[in-house]
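Peer 1: I'd like to ask some things about the structure below.
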Amino acid sequence: MASTETKVAGDPATTDSDQLAGLEAGLDALETRTAQRTPIGKILLAKVVPPVVAVALVLIAWQLAYHFEVKEHYLLPSPADVGRTLQEKWLDGTLLDFVWTSLSRGALGFVISVLIGTPLGLIVARVKVVRAAIGPILSGLQSLPSVAWVPAAIIWFGLSDATIYAVVLLGAVPSIANGLVAGVDQISPLYLRAGHVIGARGLQGVRHVLLPAALPGYIAGLKQGWAFSWRSLMAAELIVNAPDLGVGLGQLLEQGRELQDMSWVLSAILLILIVGIGVELLLFAPLERRVLRSRGLLVKS
C-alpha cells in the first residue's frame, strides 16, 4: 500500500513545497560567502594601473605643452625641470623639513578641530534650539573660503602660529560638526528607542549608541574636515610669513612666486598635492572602508 506522504507529480501542494525549498536554497546561496584570495596581479591591475596610467597621461600632456611652447619655457617648465628642483631641495636636506612643518601644523590643527567639532556637532544634532540657532551659521561657515579669515586672524594674533591655527580651526570645525549632524540624522529612530530601552542615556547613550550609529557620516565629516584643514593651512601659510615661523609648503610656494621661479612654484604645488592625497589614502580611506564593511555597506572584493 502506497504511503500518503509519497510525493505525487502534479500535486499542487508538492509543487509549492518544492518551489519554497528552491527559494530557500537560493537565498542561502546568496548569503554564502566564498573566501577566495584575489590574485596579486588582479589587484595591481584594478587598483595600481589606473592611477599610474592617469599620471602618465598628465605628464605626457604636460611634456607636449612644453615641447610646443604653449607658454614660454620660463613660464611653463618641463616635468624634468620640476623634478630637478625637487632633487635639489632633497639634496639640500630641506625638502622633508618643508613637508614636516606643514604636516605637523595640519595634523595638530585637525586634532583640535575634532575635539571642538565633535561635541559641537552632537549638541547641534540633538538640541533643537541650538540647531535652529547655529545650524545655518555652521553651514554658512563651511561654504566661506578660509582665506577670508586670514586678514582678521592677522589683526587678532599678528604674524604668529596662532593666526595659522585660527584659520585652520575656522575652516575645519564647521565641516566636522556638519558631518556628525548628518550622520546623527541618518540614524534609525528604532535604533535610538532600543538604546533608551536598554538604559543607554546621556553620555552612555552618546558613547554606546549615538556615535557608533553615526560613524559612517562622522567619518565622512572627518575626511571633509581634513580637506578643509589642509586648504586652510595652505591659505594661511601663503600670507602669514615670518622668519621665526619656519617654512612650510605654503611659504615655499610664496617664495617661488617672489623669485618668479615656476619650477619652484610647481614643485611646491606637487608636494601639497602628494601630501593631501597621501593622508587621504593612508589614513581616511582604510578607516572608511573598515567602518562601511563592518556594517555590510561595502562588499569585500
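Peer 1: Rounded to whole Hz and in sequence order, give me ³J(HN,Hα) for region 260-266 from the Karplus expression 6.51 cos²θ - 1.76 cosθ + 1.60, θ = phi - 60°, writing x for Gly and Pro.
Peer 2: Whole-Hz 3J(HN,Hα) from phi for region 260-266: 6, 9, 5, 5, 5, 4, 5.
Peer 1: Run the simple label-point estimate for Gln186 and Leu91 please: 7 Å along Cα→C-beta, distance reported in nm.
Peer 2: Here the answer is 5.0 nm between the modelled labels.
Peer 1: For helix 79-92, what angle does its Cα long axis make with the longest principal axis of the chain, in degrees from 0 to 90 and rounded to 10?
Peer 2: 80
Peer 1: In region 49-148, what chymotrypsin sites (Phe, Trp or Tyr not before Pro) fall in a loop by DSSP, with at most 16 other Cβ atoms inside 10 Å?
Peer 2: Passing both the DSSP loop test and the Cβ count: Phe68, Tyr74.
Peer 1: Thinking of region 57-112 as a set of Cα atoms, what percent of all their pairs are more than 15 Å apart?
Peer 2: That fraction is 63 percent.
Peer 1: Another question about this same structure. Please work out how much length the chain gains when fully extended from Gln63 to Ile137, using 0.36 nm per residue of separation minus the C-alpha to C-alpha distance, in nm with one decimal.
Peer 2: Here the answer is 22.1 nm.
Peer 1: So if each residue of separation counts as 0.36 nm, and I subtract the Cα-Cα distance between Leu270 and Val127, what length gain in nm does that give?
Peer 2: 47.1 nm
Peer 1: Given Cα pairs under 8 Å that are at least 6 residues apart, what percent is the relative contact order of the chain?
Peer 2: It comes to 20 percent, rounded to a whole number.
Peer 1: Are there any trypsin sites (Lys or Arg not before Pro) in region 144-219 that are in a DSSP loop and have at most 13 other Cβ atoms within 10 Å? List them by number.
Peer 2: Hits after loop and neighbour filter: Arg201.
Peer 1: Go through region 271-281 residue by residue and turn each phi into a ³J(HN,Hα) via Karplus (6.51, -1.76, 1.60, θ = phi - 60°); whole Hz please, and just put x for glycine and proline.
Peer 2: In residue order, the calculated couplings are 5, 4, 5, 5, 5, x, 5, x, 5, 4, 6 Hz.
Peer 1: Using only Cα atoms, find the angle between the long axis of helix 285-294 and the longest principal axis of the chain, and express it within 0 to 90 degrees, rounded to the nearest 10.
Peer 2: 10
Peer 1: To the nearest Å, what is the center-to-center distance of region 186-237 and region 50-100, using C-alpha atoms only?
Peer 2: Result: 40 Å between the Cα centres.
Peer 1: Hey, what did region 149-301 get for relative contact order, percent, Cα under 8 Å, at least 6 apart?
Peer 2: 25
Peer 1: Trypsin sites (Lys or Arg not before Pro), restricted to region 215-301: which are DSSP loop and have at most 12 other Cβ atoms within 10 Å?
Peer 2: Arg295, Lys300
Peer 1: On to the next question. Expressed in nm to one decimal, what extension gain is obtained for the pair Arg193 and Lys71 from 0.36 nm per residue of sequence separation less their Cα-Cα distance?
Peer 2: 37.5 nm
Peer 1: Right, next: Place +1 on the Cβ of every Lys and Arg and -1 on the Cβ of every Asp and Glu in the chain, take the dipole about the Cα centre, and give the residue among Leu64, Leu215, Ser146 whose Cα lies farthest towards its positive end.
Peer 2: Farthest towards the positive end: Leu215.
Peer 1: For Arg84 and Leu287, what does the FRET efficiency come to when R0 = 35 Å and r is the distance between their Cβ atoms, rounded to the nearest 0.05?
Peer 2: 0.45
Peer 1: So if R0 is 41 Å, what FRET efficiency would Asp244 and Ala56 give, r being the distance between their Cβ atoms, rounded to the nearest 0.05?
Peer 2: Step by step, r from the Cβ atoms, then E = 0.45.
Peer 1: Enter the angle in degrees (range 0 to 90, nearest 10) between the Cα long axis of helix 249-258 and the first principal axis of the Cα atoms of the chain, meaning the one along which they spread out most.
Peer 2: The two axes meet at around 40 degrees.
Peer 1: Could you please tell me the mean projected area of the C-alpha convex hull for region 124-246, averaged over all directions and given in square nanometres to one decimal?
Peer 2: 8.7
Peer 1: If exposed means no more than 11 neighbouring beta carbons inside 10 Å and the site is in a DSSP loop, what's the longest run of the chain without any exposed GluC sites (Glu not before Pro)?
Peer 2: Maximal segment without exposed cleavage sites: 73-301.
Peer 1: Of the listed values (1) 45, 26, 15; (2) 51, 32, 14; (3) 53, 36, 15, grab the one calculated as semi-axes √(5λ) of the Cα gyration tensor in Å from the structure here.
Peer 2: Computing semi-axes √(5λ) of the Cα gyration tensor in Å and matching it to (1) 45, 26, 15; (2) 51, 32, 14; (3) 53, 36, 15 gives (2).
Peer 1: Lys pairs in the chain, Cα-Cα under 27 Å, at least 8 apart or on separate chains: how many?
Peer 2: Lysine pairs meeting the criterion: 6.
Every read-out reported here was derived from the displayed coordinates using simple, explicitly stated rules and does not represent laboratory data. Since the structure is predicted, the reported quantities are computational estimates derived from the model, not experimental observations. Note that we place each Cβ from the backbone using ideal geometry, even for glycine, and neighbour counts take in every protein chain shown.
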